[in-house]
Amino acid sequence: MARPADLELASVTKRYGGTVAVDSISLKIKAGTYCCLLGPSGCGKSSTLRMIAGHESVSDGDIVLGNQIVNDKPPAQRGSAMMFQSYALFPHLSVRDNVAFSLRMKGIDKPTRHKRADEMLALVDMTPYAERLPAQLSGGQQQRVALARALVTDPQILLLDEPLSALDPFLKIRVRAELKRFQRELGISFIHVTHSQEEAMALADLVVIMSHGRIEQAGAPRAIFETPASEFVARFIGGHNILPIFGKTVSVRADRVSLVPQDDAPGGRRAIVRSTEYQGSNVVVGLVAEDGTELVAIVPDKVFFARPVEVGDATAVTWDEADIHEFAA
Amino acid sequence: MTTVEETAVLAPSAAPAAPGPKAATRRPTKLPGETPAFVPYLQALPLALILGFFLLVPIITIVVVSFWDYDFARVIPDFILTNYQDVLGSWVTWKTYLNTLKYTAIVWAITLSIGFTVAYFLAFYIRTATMQTVLFLVCTVPFLTSNIIRMISWIPFLGRNGLMNGFLQSIGLVDQPVEWLLYSDFAVVLAMVHLYTLFMVTPIFNSLVRIDRALIEAARDNGASAFQTLVHVVIPLAKPGIAIGSIFVVTLIMADFSTVQVMSGGQSASVALMMRNQMSLLQYPAAAANAVVLLVVVLLMVAAILRVVDIRKEL
């Protein structure tokens, strides 16, 4: 296995004609990190990944992998490997030949490359399917073949472009756990592009939230959820109420909002219940405050059913002073 | 890891399978509003009639006539094998077939290389779909005139006192006019390439535009050079288009008589030309026997192409 390497982006910029897709972003990713680039479509996360991979030229700035600048190197010489969104398995080649493709390009003889490919297929538990064509595999199996094909090049860093988007929700969660396990076992960095905050939260050591070609916030999932740096981040990751208090816009986590009868809470905000959504362990209550602010309260089921509310009920919401989070920016 | 997925796939299919045997024993009952049984046949009738009249009947006629007898003025219904003995026993037939196959091989190779190059350029180097369509239509412009006109237009260009010879002499490359430019195998091949290249471009282009661009990137990501990508990814995926184009070109050349006649100035023969000559001598049964042999040869060639490439994916 290749030695894991640090990745650094230094003021990396991507321009397409007059439009700036990635605007001078800087980021350090330590070796062995599971990093998720998260953001809405068009935020520049895919362009960033493709620049790291070498499938897109860098307009400005440097990409440093290990101790060398890789800006002008072709993809295969960077020490990175990419797993494509729709897996991009060669439809005319068997699973084994797909995995052995890069070895064949290097001119490695057939027995050696088949042996290496079979090792990789064993790693991803796909040995029985070596002779099949990609079209004869399910989505999850194709994903594992794509992973094996990327890993056979012995990458220092693996780049994954929305690797779970083609899978059904049930499979997504299972494959997600597998990806995390592979990353931990291999000890190399995974950079994973996604627009699902749930996926990023579940997988990442480092979440990088992007918007309009810039990094809004980079940090551990917990840091991001507890202290979102901006209104955009708070809205994008969800589970936060954004409201004005004393002339400032602040956030309060929805699970820290409690519902109380109007008479009991002189300090509470009066609000009308607009919706209730039962989710098993929680009930999500949508409310509109007197000043028109929309609020969400996530109430544990036990608490909710001790004093249930219905749509149209007047109630009040309160939270601890300590749960008010002011944005850094 | 696989078991979870597979049971998930199996589970739903197991449930509807249960009432299967019961449903099979029950006689099918007609639902109100269901179409009567003869309707599908009625729907298939127009196409069946067209194929019957324009394909089946002519072929059967040719096969039947190929066993008839003839003299200088009449055809006589009969069942004789003389026509086939004449066709297969004559060295002229073999020589003519060899000549036609030679044209086929040369023109196939040239149209394939030109056709693939043009299609590759259109599919991979032209970025917008609009521009692709425009350039593709440009390729079809020569087809606005008839085959004969396009062929004949080569004559003033290639002739003894034509533009090409004039040019070569004026730059001092040759002293005497080049004789082999016109009325030669060169002229036949040139005209055929001109006439048939588009039949190669179209299906190959169609195959190439369907190749997912991510595959090209994946090849590059795996360290393939541009040439390796071409050989290991693009050409294998273009095979169905290459096969369809090859079928077009091969069948067209095998059946060609006008190009060979005009461009060789009557000095070369082709199988179809041989048949035409027999017909002009009213030797219809002989021509019919020749046609049956040609049909079999061409079908064998098409079968050979289909054995190499599975084109069902394309259709």
Which listed residue, of B:227, B:199, B:186, B:167, is aromatic (Phe, Trp, Tyr) and in contact (Cβ under 8 Å) with a residue 60 or more places away in the chain: B:199
Any hit, the stretch A:134-142, residues being touching a strand residue (DSSP E or B) at 6+ places or on another chain (Cβ under 9 Å), within 12 Å of another protein chain (Cβ to nearest Cβ), at negative phi and assigned to a helix (DSSP H, G or I): no
Long-range neighbours under 6 Å by Cβ, at least six apart or interchain, first residue farther than 21 Å from residue A:81 by Cβ and within 14 Å of chain A (Cβ to nearest Cβ) within the stretch B:202-215, second open to solvent by 20 Å² or more (accessible area, probe 1.4 Å) and part of a helix (DSSP H, G or I): B:211/B:237
Selected residue (only one of A:133, A:158 is touching a His at 6+ places or on another chain (Cβ under 9 Å) and surrounded by 22 or more Cβ atoms within 10 Å (Cβ to Cβ)): A:158
Verdict on residue A:117 being out of contact with any strand residue (DSSP E or B) (no Cβ under 6 Å at 6 or more places or on another chain), surrounded by 22 or more Cβ atoms within 10 Å (Cβ to Cβ) and more than 10 Å from every other protein chain (Cβ to nearest Cβ): yes
Single match in B:116, B:143, B:136, B:67 (criterion: closer than 15 Å to residue B:290 by Cβ, touching a residue at least 40 places away in the same chain (Cβ under 8 Å) and of a type outside the set (D, E, K, R)): B:67
Residues (within 12 Å of chain B (Cβ to nearest Cβ) and charged (D, E, K, R)) located in the stretch A:67-84: A:73, A:78
Residue tally, condition open to solvent by 50 Å² or more (accessible area, probe 1.4 Å) and closer than 21 Å to residue A:273 by Cα, over the stretch A:236-257: 3
Which numbered condition residue B:222 misses (of (1) facing another protein chain (nearest Cβ under 8 Å); (2) surrounded by fewer than 22 Cβ atoms within 10 Å (Cβ to Cβ)): (2)
Unmet requirement for residue A:45, which otherwise passes all of (1) buried (at least 21 other Cβ atoms within 10 Å of the Cβ); (2) within 14 Å of another protein chain (Cβ to nearest Cβ): (2)
Residue match in the stretch A:50-66 (condition: over 21 Å from residue A:26 (Cα atoms) and within 14 Å of another protein chain (Cβ to nearest Cβ)): no
Listing of strands (runs of 3 or more DSSP E) fully contained in the stretch A:165-222 that carry 1 or more residues being of a type in the set (A, V, I, L, M) and under 24 Å from residue A:143 (Cα atoms): A:189-194, A:206-211
Per-region count, the stretch A:10-38, residues more than 14 Å from residue A:191 (Cα to Cα) and not hydroxyl-bearing (Ser, Thr, Tyr): 11
Residue under evaluation residue A:70, criteria (1) in contact (Cβ under 8 Å) with a residue 40 or more places away in the chain; (2) open to solvent by less than 20 Å² (accessible area, probe 1.4 Å); (3) over 21 Å from the mean Cα position of the chain (by Cα), criterion not met: (1)
Where residue B:144 falls short, out of the listed (1) open to solvent by 30 Å² or more (accessible area, probe 1.4 Å); (2) closer than 21 Å to residue B:245 by Cα; (3) at pLDDT 90 or above; (4) not polar (S, T, N, Q): (3)
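The values are calculated or read from the model by the stated rules, or taken from the named source; none is laboratory data. Keep in mind it's a predicted model, so treat the numbers as computed, not measured. All Cβ positions, glycine included, derive from the backbone under ideal geometry; neighbour counts span all protein chains shown. Please note that ligands, DNA and RNA were not included when accessible areas were found on the heavy atoms of the full protein model with its side chains. Shrake-Rupley method; radii C 1.70, N 1.55, O 1.52, S 1.80 Å.
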